[in-house]
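See below for the structure under consideration.
The values are calculated or read from the model by the stated rules, or taken from the named source; none is laboratory data. Bear in mind that the values here come from a model prediction, so they are computed numbers and not experimental data. Counting neighbours? That spans all protein chains shown, and the Cβs are built from the backbone with ideal geometry, glycine included. Just the protein is used for accessible areas: all its heavy atoms, side chains included, with ligands, DNA and RNA removed. Shrake-Rupley method; radii C 1.70, N 1.55, O 1.52, S 1.80 Å.
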Amino acid sequence: MLKYHDAKIGLQEVPGEASLVINISNCPYHCAYCNTKILRKDVGELLTKEMLDILMDSFAGEYSCVCFMGGDIAPDMIDDLAEYIRRTRPDIKIAWYSGTESLSLFTNWENYDFIKLGPYKRELGGLDSPTTNQRFYKVEDGLIIDITK
């Protein structure tokens with residue numbers, strides 16, 4: 001079961017996009033320097049397609065991208081929600097921030113416009129650090145392009 005803790009508008013997660021950031025709980029990684037430790041817990045409401053519609057409608061006009069933060073406990077469900085957005089709201093971009101080092105072969109990359117992979121390791125820095133272990137990809141025309149700075 002996929003649960004979300006909260007949703008808000010973010011301006012830093014995806015370059016050039018105002019994002020509806022949906023924080024998914026029950027994270028399996030427990031990164032040492034995580035800044036949202038509450039997401040380690042099994043908290044929040046179920047994130048169904050109906051709830052996703054409610055969230056998207058309640059922030060209508062404020063975002064151009066939906067960004068799932070986490071969801072590694074149920075990647076197939078994230079993929080299903082991304083496909084649902086792609087099918088029902090084709091003008092909205094879709095991003096997924098995943099703490100895993102690599103996605104399943106079964107993940108449909110075409111459901112996403114952006115994917116961030118990798119756990120946060122303070123000693124390596126975040127996406128803005130030249131030594132980061134995290135990778136940020138843009139999916140375009142069937143290609144997966146590394147746009148990490």
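I145 passes all but one of (1) in contact (Cβ under 8 Å) with a residue 12 or more places away in the chain; (2) under 20 Å from R86 (Cβ atoms); (3) surrounded by fewer than 19 Cβ atoms within 10 Å (Cβ to Cβ); (4) of a type in the set (A, V, I, L, M, F, W, C); which number fails?
Result: I145 fails condition (1) only.
For residues that are touching a strand residue (DSSP E or B) at 6+ places or on another chain (Cβ under 6 Å) and hydrophobic (A, V, I, L, M, F, W, C), scanning just the range 97-136, find the one that is most open to solvent (accessible area, probe 1.4 Å).
Filtering the range 97-136 for residues that are touching a strand residue (DSSP E or B) at 6+ places or on another chain (Cβ under 6 Å) and hydrophobic (A, V, I, L, M, F, W, C), the one most open to solvent (accessible area, probe 1.4 Å) comes out as W109.
As an exercise: evaluate G71 against (1) in a loop (DSSP other than H, G, I, E, B); (2) open to solvent by 30 Å² or more (accessible area, probe 1.4 Å); (3) in contact with a Leu (Cβ under 7 Å, 6 or more places away or on another chain) and give the number of the one condition it does not meet.
(2)
Starting from the range 104-129, take each residue that is closer than 14 Å to C67 by Cα and list its partners that are part of a loop (DSSP other than H, G, I, E, B), counting only C-beta distances under 6 angstrom and pairs at least six apart or across chains.
F114/V14
Please verify whether the range 112-135 includes one or more residues that are under 13 Å from the mean Cα position of the chain (by Cα) and of a type in the set (G, A, S).
Yes, the range 112-135 contains at least one residue that is under 13 Å from the mean Cα position of the chain (by Cα) and of a type in the set (G, A, S).
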